[in-house]
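Please treat every number below as a calculation from the coordinates, not as lab data. The structure presented is a predicted model; accordingly, all values stated were derived computationally and were not measured. With ideal geometry, Cβ positions are generated from the backbone for all residues, glycine too; neighbour counts draw on all protein chains shown.
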Amino acid sequence: MSKTLDFHTILTAAEIIRERGERNNDGAYRLDGVEFHSSIDGYSVTLKSQDVTLTVNFHNTYNIESPGKDAEEKFFKRLRQLVFEYSKS
């Protein structure tokens, strides 16, 4: 994995979704088309959209599943938008 991810933005978006999103039956939170789930021990978080699933583990290791770079770029843009939109209020 040669990509460098902005973990601060990713984890900030995760916290915003947890704080402001709606909780569903399986314990995940959803806000503006992005779902957040945390492991029981808190060592990993998963952010998921319709096309992309990103799991961030301890020590900022990660796994991303997507159909391609365009979907990933759209996903990360959405996370940045969430941080921008909800950090203002």
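Here are a few things to note about the model shown:
- Calculated SAXS-style log₁₀ I(q)/I(0) at q = 0.16, 0.29 Å⁻¹ - the stretch 1-63, Debye, Cα scatterers: -0.48, -1.43
- The chain: most fluctuating residue of Lys77, Lys69, Lys48 per GNM, C-alpha cutoff 10 Å: Lys69
- Max mean-square fluctuation residue, GNM over the chain, Cα-Cα springs under 10 Å, options Ile40, Ile16, Ile64: Ile40
- The stretch 35-78: chymotrypsin sites (Phe, Trp or Tyr not before Pro) in DSSP coil with no more than 12 other Cβ atoms inside 10 Å: Tyr43
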